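**Q** Got a structure here, written out as structure tokens. Questions coming.
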């Protein structure tokens, strides 16, 4: 089960297990858009407000993203503050 507006685990697994070579351009575009929206929602909503399954899935996703992209972690809001120089006291 997923939180409102979020991809559930079943959908994520299905998309990940289906080879891109068998997907239509429309399917690939839809996945790109919905993945982006899901990542944005993952970063904006605090973990304590998520269902247990969504919280666990998000933690795994953040860990994967940090490993794949070399991110330092932190929330989207914290990164925005840092980019604007608002994190310095």
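Bear in mind these aren't lab numbers, they're just calculated from the coordinates by the rules spelled out. Fair warning: this is a prediction, and the values are worked out from it, not measured in the lab. Here the Cβ positions follow ideal geometry from the backbone for every residue, glycine too, while neighbour counts run over all protein chains shown.
**Q** Using the per-residue mean of other Cβ atoms lying within 10 Å as a proxy for protection, in what order, highest first, do the peptides 46-59, 11-24 fall?
**A** Answer by packing, highest mean first, reads 46-59, 11-24.
**Q** Calculated from DSSP H runs of 4 or more alone, at -39500 (n - 2.57) each and per residue, what is the 222 nm mean residue ellipticity of the chain, nearest 500?
**A** Per the formula, -20500 deg cm²/dmol.
**Q** Taking 0.36 nm per intervening residue step and subtracting the Cα-Cα distance, what contour gain separates residue 9 from residue 51 on full extension?
**A** Taking 0.36 nm per residue and subtracting the Cα distance, the gain is 13.9 nm.
**Q** Kindly express, to the nearest 10 degrees and within the range 0 to 90, the angle between helix 25-44's C-alpha long axis and the longest C-alpha principal axis of the chain.
**A** Rounded to the nearest ten degrees, it is 30.
**Q** Let me ask another. Using Cα-Cα distances under 8 Å and only pairs 6 or more residues apart, what relative contact order does the chain have, in percent?
**A** 30 percent
**Q** I'd like the FRET efficiency for residue 81 and residue 22, computed as 1/(1 + (r/R0)^6) with the beta carbon distance as r and R0 of 35 Å, rounded to 0.05.
**A** It comes to 0.25.
**Q** Hey, another quick one. Round to the nearest 10 and give me the degree value, 0 to 90, for the angle of helix 52-69's Cα axis relative to the longest principal axis of the chain.
**A** So the inclination is approximately 80 degrees.
**Q** Still on this structure, I have one more. For residue 88 paired with residue 39, estimate the spin-label separation in nm (one decimal), with each label point 7 Å from Cα along the Cα-to-Cβ line.
**A** My value for the distance between the label points is 2.8 nm.
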